[in-house]
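Since the structure comes first, as structure tokens, the remarks are kept for the end.
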Amino acid sequence: MKAHKALKYIVLALVFALGLVLLLPKGGQEATRPRDWTEIASSDTLRATTEYNQQSYFASGDSVTGFHYELLQAFAHSHGLTASIVPEMSHEKRLEGLAEGRFDVVAYGIPTTTELRDSLAFTRPILLDKQILVQRRDTAPAGDSLFVGSLLELAGRTVHVVKGSPAILRIHNLEDEIGDTIYIKEMEQYGTEQLVALVAHGDIDYAICEEEIAASLADDLPQIDITTAIGFTQFYSWAVNKHSTALLDSLNTWLDSYLKTKECKSLYRKYGKHIP
């Protein structure tokens with residue numbers, strides 16, 4: 001039964017790829033200049049992107065759930081807007097769409113690092129999270145184990161990440177810290193949940209992802225170990241184009257107010273998250 005539950009995370013990638021075209025708004029692939037608040041408000045539509053997973057944006061039958069989906073809908077509703085949301089597995093493609101003006105906001109948790117601040121404008125923090133190593137539990141005989149008990153043991157090994165993941169920056173820093181090479185395999189066709197499932201079933205040995213997503217899968221995938229952090233707890237935020245200053249102000253003003261409400265606290269409890 002556990003195996004059948006876990007396989008759904010891999011199948012989701014295939015279903016997502018086949019169904020994405022149906023979710024795209026008309027003209028959603030056309031590159032335009034980045035929009036700011038006045039243009040967004042006059043169009044009545046906020047164009048956003050996020051990752052397709054059970055924690056962020058998840059379609060089941062006629063219903064859609066997900067923390068970032070519900071938070072974005074709350075913002076759009078409060079401003080009389082329609083939220084047009086395009087799920088995109090690749091972090092790199094989400095940022096490309098933002099730069100090209102196809103999306104107004106990346107409604108997904110991105111660590112607010114100094115490197116990323118050079119190219120993105122971040123909202124106030126929305127989440128606290130950290131990047132962790134996903135591997136299988138240590139059940140092999142002595143000498144045959146692939147289990148990594150220390151970050152030093154990642155030297156010479158290959159870790160898998162979502163295409164363009166911010167975790168790549170942390171891995172490169174970790175290489176400097178341990179004085180050795182860690183090989184990185186970027187996966188464009190899979191999202192975070194699918195990478196975790198691939199580790200669980202032995203298709204890959206190591207993946208890097210956010211702790212909260214991995215923890216949400218642990219009950220269905222008891223063979224995974226998620227106890228090894230590769231970084232410290234960080235602020236995670238949404239991102240907008242650096243030219244969309246008025247949009248950023250609108251998002252921050254709303255977040256400052258909304259994060260104090262009972263509705264917001266209920267949303268965070270629903271998805272097991274903490275208000276920063």
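Checking the cross-link pairs LYS130/LYS273; LYS163/LYS273; LYS93/LYS242 against a 21 Å limit on the alpha carbon distance flags LYS163/LYS273 as lying beyond it.
Site-free segments of the chain were taken between chymotrypsin sites (Phe, Trp or Tyr not before Pro) in DSSP loops having at most 15 other Cβ atoms within 10 Å, sites themselves excluded; the longest one is 1-146. Evaluating 6.51 cos²θ - 1.76 cosθ + 1.60 at θ = phi - 60° for every residue in segment 251-257, the Karplus couplings come out as 5, 5, 4, 5, 4, 4, 7 Hz, glycine and proline recorded as x.
Apply the Kirkwood formula to segment 45-106: the hydrodynamic radius equals the inverse of the mean of 1/r over all pairs of different alpha-carbon atoms; give it in Å with one decimal. Kindly include the intermediate steps, with their values, before the conclusion.
Working: mean 1/r = 0.0849 Å⁻¹.
Mean inverse Cα-Cα distance, inverted, gives 11.8 Å.
The modelled label-to-label distance for the pair LEU116/ARG269, using points 7 Å beyond Cα in the direction of Cβ, is 2.9 nm.
With a Förster radius of 30 Å applied to the beta-carbon distance between ALA218 and ALA99, the computed FRET efficiency rounds to 0.30.
When the Cα positions of LEU128, ASN173, GLY149 are compared along the charge dipole of segment 118-181, LEU128 comes out farthest toward the positive end, with charges on each C-beta of Lys, Arg, Asp and Glu. Shape summary of the chain, radius of gyration then Dmax from alpha carbon positions: 18.9, 65 Å. Taking amide H as placed 1.01 Å from N in the peptide plane, the amide H of GLU88 sits under 5 Å from that of THR50, GLU51, TYR52, each at least 5 places away or on another chain. Adding -39500 (n - 2.57) for every DSSP H run of four residues or longer, then dividing by how many residues the chain holds, sets the calculated 222 nm ellipticity at -11500 deg cm²/dmol. Accessible area of the chain with a 1.4 Å probe: how many percent of it is carbon plus sulfur? The value for the chain is 52 percent carbon and sulfur by accessible area. Amide H contacts under 5 Å for SER145: none, restricted to partners 5 or more places along the chain or on a different chain, H placed in the peptide plane at 1.01 Å from N. Among the protein heavy atoms, those of ILE132 account for about 0 Å² of accessible surface (1.4 Å probe, every chain in place). Close amide H contacts of THR45 (hydrogens built in the peptide plane, cut-off under 5 Å, sequence separation of 5 or more or a different chain): THR82. In order along segment 155-165, the Karplus-derived 3J(HN,Hα) couplings, from 6.51 cos²θ - 1.76 cosθ + 1.60 at θ = phi - 60°, round to 4, x, 9, 10, 10, 10, 9, 5, 3, x, 4 Hz, and Gly and Pro are given as x.
The values are calculated or read from the model by the stated rules, or taken from the named source; none is laboratory data. Keep in mind that this is a model prediction, so the values were computed, not measured. Neighbour counts are summed over all protein chains in view; Cβ atoms, including those assigned to glycine, are modelled from backbone coordinates with ideal geometry. Keep in mind that these areas ignore ligands, DNA and RNA; they rest on the heavy atoms of the full protein, side chains included. Shrake-Rupley method; radii C 1.70, N 1.55, O 1.52, S 1.80 Å.
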